[in-house]
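Have a look at the structure below before the remarks.
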Amino acid sequence: MRKYITLVLLLNIALLSAAWISASAPLTEGTRGAPGVGDPYFPELGNGGYDAQHFRIGLTVDLNERHLAGTVTMQAIATQDLSQFNLDFLGFSIEQLTVNGVPATYSRAGREFIITPAVLLAKDSPFEVLVRYQGTPGQYDGLSSQPFSGGWQHYPGGVYVASQPDGASLWYPTNDHPQDKATYSFAISVDAPYIVATNGQLQRVEDDGAGRRTFYWETRDPTASYLVTVNIAQFSRQEQEGEVVLIRNYFPADKQAQAEAVFAETDAMLGFFTGIFGDYPFEVYGAVVADKSLPFALETQTLSLFGTNVLNDSLQAQIVIAHELAHQWFGNSVSVHTWRDIWLNEGFATYASALWVEHRYGRARFMTLMQDWYRLISNPAFILTAPPAGDPSAARMFHPVVYYRGAWTLHALRQKVGDETFFNILKIYYQRYQYGNAQIADFVTVAEAVSGQSLQDFFTGWLYQQALPEP
Ligand code: TRP
Ligand code: ZN
């Protein structure tokens, strides 16, 4: 009996202590986070095992030396018991690395920055990674897959950042895939008289009294890594309380008058797109113009990036301005699920710019524009050499077929289902996927549901087969 009682007591103590251990003792097992999110075009982009919530980007920039000293903090939530996880980051020397304030070890393999925390991270628990680094960016141009996505770029008189699809990890450690959007705060220090413009809103400027100023910026809404931008130059800021949202532009100080004229219709474009797509998704909008001619523009979130070549009095300039604005809905708010879905960005922004032409300049100018694009996409040599707009491959993601046959796909859909149904499809698709991610099949599903028509063959013909369908 006595023996028996002792046994029960011992058992109870064992059970109690087991419960206590599982409630608060450190994990003893975890697995590695995946090195990618499974993007068919860019298997190395993004990482598994956690969900990034917020990045604090602290940078001290030496424009003369083209040197960066960074302290980047990522706040994330573990999505599994984690023994190890990756960030995407290439180049620079790592000066310090901590996870939850405790020094962590790492190794590097190409773009993968492989971090082993001292203590395992439990599923669903928040954690914070701090990386202090320094070096000269831009030494990895060409390692990025696209001609214009070098990330951090110096030019005489300033810096711009353009990273689509894979340039973000060339200048800060990140989870470099649009499936994991996060909010950002920035503290960027430069010598006077330079000014810093990034995504979101300027909170304050601190002057150290010795010629160096720190610009504090903050985004309200989650932003994909490729849409993060930092611009440094002698800008003048122009601000306008628009009908839809606050508009703040950053123009080269000596080109301000010309730039104000060229961007004068931004507020009207915002009103038009809000009417046909739905509410503008973000807290603020504007343009930044780098004082350099650029062979592209980019829809960096809340602050689209342009080069000086846009500063001319032409319809083409207005089309580019409308295109980057339309991406704030299609691309930035509704983001691609994987980069194979790039038609959902470029086809939509291109057709949206034509819709602005139709609204602002009339049906005849719209038809001329659509016919110009049709001439391009119906050229037999073009048809033979172009990839499918719905799956253009990583190397040809930004092929004109994605833009112009992509825009014609939407125009053909509009002709097939009629204006009222077509614009309902756009609105409902946007409403369903805003602040999230979509695949091409998701759009097809919405189009079929709203129109009540079977559209599989229609989209297969336009997006996946070589022959150009009759519009
Ligand atoms: N998305 C840009 C556009 O609006 C074009 C683009 C593709 C780009 N890759 C880029 C721009 C890289 C800057 C950097 O059409
Ligand atoms: Zn575009």
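No value in this document is a laboratory result; all are computed from the given coordinates. Owing to the predicted nature of the structure, the values given are computational and were not obtained by experimental measurement. Neighbour counts run over all protein chains shown; Cβ positions are idealised from the backbone, glycine included.
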Mind jotting down the distance between the C-alpha centroids of segment 421-471 and segment 168-199, whole Å?
-> 34
Where in segment 211-264 are there GluC sites (Glu not before Pro) that are in a DSSP coil and have at most 12 other Cβ atoms within 10 angstrom of their Cβ?
-> 243
Hits among lysines - C-alpha to C-alpha of residue 427 under 19 Å, sequence gap 8 or more where chains match | 416
Residue 108 and residue 31 label points (each 7 Å along its Cα→Cβ direction) are spaced in nm at 2.9
About its Cα centre, what dipole magnitude does segment 237-333 give when the only charges are +1 on Lys and Arg Cβ and -1 on Asp and Glu Cβ, stated in debye to the nearest 20?
-> 280
Which of the listed residues, 171, 101, 273, is farthest toward the dipole's positive end in the chain, when Lys, Arg count +1 and Asp, Glu count -1 at the beta-carbon?
-> 101
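In terms of the ratio Rg/(2.2 N^0.38 Å) built on C-alpha atoms, what value belongs to the chain? Please list the in-between numbers first.
Numbers: Rg = 25.1 Å, N = 471, 2.2 N^0.38 = 22.8 Å.
Normalised Cα radius of gyration, the chain: 1.10.
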In what order do 350, 214, 174 fall by count of nearby beta-carbon atoms within 10 Å, going from fewest to most?
-> 214, 350, 174
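Could you list the GluC sites (Glu not before Pro) in segment 38-124 that lie in coil according to DSSP, counting only those with at most 16 other Cβ atoms within 10 Å of their Cβ? Could the numbers behind the result be given before it?
Details: sites: 44, 65, 95, 112; in loops: 44, 65.
Of the GluC sites (Glu not before Pro), the ones in loops of segment 38-124 whose Cβ has at most 16 other Cβ atoms within 10 Å are 65.
Under a point-charge model restricted to the Cβ atoms of Lys and Arg (+1) and Asp and Glu (-1), what is the dipole moment magnitude of the chain relative to its Cα centre, in debye to the nearest 20?
Working: 29 positive and 46 negative charges, 157 e Å.
Using Cβ point charges on Lys, Arg, Asp and Glu, the chain gives about 760 debye.
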Between helix 440-451 and the chain: long-axis angle, C-alpha atoms, 0 to 90°, nearest 10 | 60
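Please give the length that would be gained between residue 435 and residue 136 if that part of the chain were fully extended, namely 0.36 nm times their separation in residues minus their C-alpha to C-alpha distance (nm, one decimal).
Working: separation 299, 0.36 × 299 = 107.64 nm, distance 3.37 nm.
Taking 0.36 nm per residue and subtracting the Cα distance, the gain is 104.3 nm.
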Label-point gap, in nm, between residue 207 and residue 467 - each point 7 angstrom along Cα→Cβ = 7.0
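In what order do 244, 99, 228 fall by count of nearby beta-carbon atoms within 10 Å, going from fewest to most?
With the fewest neighbours first, 244, 99, 228 line up as 244, 99, 228.
Using Cα-Cα distances under 8 Å and only pairs 6 or more residues apart, what relative contact order does the chain have, in percent? If you can, show how the numbers build up before the last one.
Details: 1021 pairs, mean separation 51.1, N = 471.
Once normalised by length, the contact order is 11 percent.
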If each of residue 116 and residue 240 carries a label point 7 Å out from its Cα toward its Cβ, how far apart are those two points in nm?
-> 5.7
Sequence-distant residues sharing a close amide H with residue 50 (under 5 Å, placed H) | 79
Semi-axes, largest first, in whole Å: what does sqrt of 5 times each Cα gyration tensor eigenvalue give for segment 237-333?
-> 20, 14, 12
What's the center-to-center distance, using Cα atoms, between segment 55-129 and segment 322-399 in Å?
-> 37
Helix axis angle, 315-326 relative to the chain longest principal axis, alpha carbon, degrees | 30
Can you give the angle from 0 to 90° between the axis of helix 363-378 and the longest principal axis of the chain, with both taken from C-alpha atoms, to the nearest 10?
-> 70
Binned Cα-Cα distance frequencies in segment 335-463 - 5 Å width, integer % = 2, 11, 20, 24, 21, 15, 7, 1
Can you give the net charge of the other residues whose Cβ lies under 15 Å from the Cβ of residue 35, counting K and R as +1 and D and E as -1?
-> -4
Which whole-number percentage describes the relative contact order of segment 335-463, with Cα contacts under 8 Å and a sequence gap of 6 or more?
-> 34
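Using a 10 Å cut-off around each Cβ, can you sort 343, 462 from fewest to most neighbouring Cβ atoms?
Values: 343 29, 462 24.
Ascending Cβ contact count within 10 Å gives the list 462, 343.
For segment 28-233, what is the relative contact order in percent, using Cα pairs closer than 8 Å and at least 6 residues apart in sequence? Spell out each step's value before the answer.
Working: 579 pairs, mean separation 44.1, N = 206.
Rounded, it is 21 percent for segment 28-233.
As an exercise, use a Förster radius of 30 Å and the Cβ-Cβ distance of residue 319 and residue 457 to find the FRET efficiency, rounded to the nearest 0.05.
That gives a FRET efficiency of 0.45.
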Can you find, among 361, 452, 83, the residue farthest towards the positive end of the dipole of the chain? Put +1 on the C-beta of Lys and Arg, -1 on that of Asp and Glu.
-> 83
